[in-house]
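Novice: I am attaching a structure below and will ask some questions about it afterwards.
The values are calculated or read from the model by the stated rules, or taken from the named source; none is laboratory data. A quick note: this is a predicted structure, and the numbers were derived from the prediction, not measured. All Cβ positions, glycine included, derive from the backbone under ideal geometry; neighbour counts span all protein chains shown. The accessibility values were calculated without ligands, DNA or RNA, using every heavy atom of the protein model including side chains. Shrake-Rupley method; radii C 1.70, N 1.55, O 1.52, S 1.80 Å.
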Amino acid sequence: MMEFTEEQLERYSRHIILPEVGGKGQKKLLEAKVFCLGAGGLGSPALMYLAAAGVGTIGIADGDCVDLSNLQRQIIHFTPDVGRPKVESAAEKIRALNPDVKVITYNERLTADNVREIIRDYDILLDGSDNFPTRYLMNDAAYFEKKTLVSGSMFRFDGQLTTFKPHEGYHCYRCIYPEPPPPGLVPSCQEAGVLGALAGTIGVLQATEAIKEILGIGESLAGQLLIFDALRMSFRKVKVRKDPECPLCSEKAVIKELVTYEESCELMAQRRG
Amino acid sequence: MKIKVNGKEMDIDREITLSDLLERLDIIPRGIAVEVNREIVPKSLYGEKVIKAGDIIEIVRMVGGG
């Protein structure tokens with residue numbers, strides 16, 4: 001086991017004095033490998049807090065470049081970053097924030113061909129993607145690779161957060177929503193907008209849950225769904241069971257390999273949004 | 001008997017299944033999840049889940065933005 005440097009003792013002192021974290025927990029964080037899908041609205045704050053916490057290895061996948069319309073919520077990117085690949089911009093901020101973190105970037109979209117190999121190296125996965133095909137791909141890949149997936153999503157003033165651990169008997173994405181919505185049914189963020197600060201609320205909660213999963217402390221969101229309404233400032237936590245007929249993770253599963261959903265125009269708009 | 005759907009009171013004449021309730025409400029169960037008394041009902045159980053007096057139902061819309 002590695003020893004802390006004096007600088008690390010100081011940097012992480014507020015963690016180390018917490019009995020639930022301690023030196024032992026901080027070492028777990030430094031040895032942890034977390035993968036974040038998307039360096040957008042949710043990924044930005046999540047990545048900043050994971051980096052600040054001293055998560056030793058952080059992988060980031062995003063195939064997009066920073067757009068001016070992203071800056072209203074994607075706080076890891078700054079105005080001079082417009083036009084740069086998001087993973088490059090995010091990696092630079094993370095390295096400046098905490099040189100303890102090894103950042104691995106994937107400047108590409110995840111596909112059925114590359115996703116399993118990419119996530120295999122990580123302990124915990126975060127989904128902060130902005131389209132349904134990618135969410136289903138990530139859910140299915142995480143199930144096949146038996147990885148814990150902390151999933152956040154948002155729209156207008158609403159956010160949802162949950163942790164998928166189907167390999168431990170809890171629900172997966174398809175237990176709640178078996179199939180992607182039909183095109184056009186769920187409007188895109190570009191069409192309908194999203195409150196910028198909402199990304200902070202949900203993204204930071206994703207980082208919190210990922211850190212708790214690494215440390216093995218508190219109550220997991222496995223088997224639960226947190227629903228946030230920013231206008232009412234209400235958090236509601238509901239129970240989620242495994243669907244006995246889940247197409248992916250039940251005994252009656254019909255999905256045996258990764259499937260690719262076509263991106264409709266609406267979904268493309270949402271991705272850019 | 002009275003139930004609550006999305007915070008609004010609703011009267012139904014007898015116990016019905018969740019599938020029947022959604023049909024009455026003209027809700028096609030795609031892109032949504034349904035919560036009864038703070039528990040998401042798996043889609044495959046909509047036809048068996050019986051809605052009783054006093055039940056609190058929330059229709060949760062799927063959100064996919066990031």
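Novice: Calculated from DSSP H runs of 4 or more alone, at -39500 (n - 2.57) each and per residue, what is the 222 nm mean residue ellipticity of chain A, nearest 500?
Specialist: Computed ellipticity for chain A at 222 nm equals -10000 deg cm²/dmol.
Novice: While we're here: Which pairs in the list A:28/B:43; A:102/B:43; A:28/A:86; A:102/A:239 are over 30 Å apart, alpha-carbon to alpha-carbon?
Specialist: A:28/B:43; A:102/B:43; A:102/A:239
Novice: Among the trypsin sites (Lys or Arg not before Pro) within the range A:118-177, which fall in a DSSP loop and have no more than 13 other Cβ atoms within 10 Å of their own Cβ?
Specialist: In loop regions of the range A:118-177 (DSSP not H, G, I, E or B), the sparsely surrounded trypsin sites (Lys or Arg not before Pro) are A:120, A:146.
Novice: Translational diffusion coefficient of the range A:22-113 at 10 °C, 1.306 mPa s, Stokes-Einstein with Kirkwood Rh over Cα pairs, in µm²/s as a whole number.
Specialist: Diffusion coefficient, whole number: 120 µm²/s.
Novice: ³J(HN,Hα) across the range A:253-261 via Karplus (A = 6.51, B = -1.76, C = 1.60, θ = phi - 60°), whole Hz, x for Gly/Pro?
Specialist: 4, 10, 8, 10, 8, 5, 10, 10, 8
Novice: Moving on. Could you tell me what percent of the DSSP beta bridges with both partners in the protein assembly as shown are antiparallel, to the nearest 5?
Specialist: Looking only at bridges with both residues in the protein assembly as shown, the antiparallel portion is about 60 percent.
Novice: Enumerate the whole-percent occupancy of each 5 Å bin, from 0 to the last occupied one, for all C-alpha pair distances of chain A.
Specialist: Percent of pairs per bin, in order: 1, 6, 13, 17, 19, 18, 13, 7, 3, 1, 0, 0.
Novice: Around residue B:2, with a cut-off of 10 angstrom between Cβ atoms, what is the net charge of the other residues, counting Lys and Arg +1 and Asp and Glu -1?
Specialist: My count for the surroundings of residue B:2 gives -2.
Novice: Taking amide H positions as placed 1.01 Å from N in the peptide plane, with prolines and chain starts having none, which residues 5 or more places from residue A:65, or on another chain, fall under 5 Å of its amide H?
Specialist: When sequence neighbours closer than 5 places are left aside, the close amide H contacts are A:86.
Novice: For the range A:86-172, report the % of Cα-Cα distances exceeding 16 Å.
Specialist: 60
Novice: Only Cα pairs under 8 Å and at least 6 apart count here; give the relative contact order of the range A:1-90 as a rounded whole percent.
Specialist: 25
Novice: Measuring with a 1.4 Å probe in the full set of protein chains, what accessible area per residue, in whole Å², belongs to the protein assembly as shown?
Specialist: 45
Novice: Equivalent-ellipsoid semi-axes (√(5λ), Cα gyration tensor) for the range A:117-160, whole Å, largest first?
Specialist: Each semi-axis is the square root of five times an eigenvalue, giving 21, 11, 8 Å.
Novice: Using the membrane-span-like helix rule (whole DSSP H runs, Cα extent along the own axis of at least 24 Å, mean Kyte-Doolittle hydropathy at least 0.5), which helices of chain A qualify?
Specialist: Flagged H segments are A:196-215.
Novice: With unit charges on the beta carbon (Lys/Arg positive, Asp/Glu negative), name the residue among A:42, A:60, B:10 whose Cα is farthest towards the positive pole of the charge dipole of the protein assembly as shown.
Specialist: Final value for the positive-end residue is B:10.
Novice: For residue A:146, list the lysines whose Cα falls under 19 Å from its own Cα; do not include residues on the same chain fewer than 8 positions away.
Specialist: Within the straight-line cut-off, residue A:146 pairs with A:33, A:165, A:212, A:242, A:252, A:256.
Novice: How much length is gained on full extension from residue B:4 to residue B:28, taking 0.36 nm per residue of separation minus their Cα-Cα distance?
Specialist: Separation in residues times 0.36 nm, less the Cα-Cα distance, equals 6.8 nm.
Novice: To the nearest Å, what is the center-to-center distance of chain B and the range A:25-62, using C-alpha atoms only?
Specialist: Chain B and the range A:25-62 have Cα centres spaced 37 Å from each other.
Novice: Continuing with this model, one more query. For chain B, report the % of Cα-Cα distances exceeding 18 Å.
Specialist: Value for chain B (Cα pairs over 18 Å): 29 percent.
Novice: If you don't mind, another one. Report the charge-dipole magnitude of the protein assembly as shown in Debye, nearest 20, computed about the Cα centre from +1 at each Lys and Arg Cβ and -1 at each Asp and Glu Cβ.
Specialist: 540
Novice: Remind me, relative contact order of chain B in percent, using alpha carbon pairs under 8 angstrom and six or more residues apart?
Specialist: After rounding, I find 45 percent.
Novice: As an exercise, use a Förster radius of 22 Å and the Cβ-Cβ distance of residue B:37 and residue A:233 to find the FRET efficiency, rounded to the nearest 0.05.
Specialist: E between residue B:37 and residue A:233, to the nearest 0.05, is 0.45.
Novice: Filter the GluC sites (Glu not before Pro) in the range A:1-37 to those in DSSP coil with at most 13 other Cβ atoms within 10 Å of their Cβ, and list the result.
Specialist: A:3, A:20
Novice: Using a 1.4 angstrom probe on heavy atoms only, work out the carbon and sulfur share of the accessible area of the range A:62-119 in %.
Specialist: With neighbouring chains kept in place, the figure for the range A:62-119 is 52 percent.
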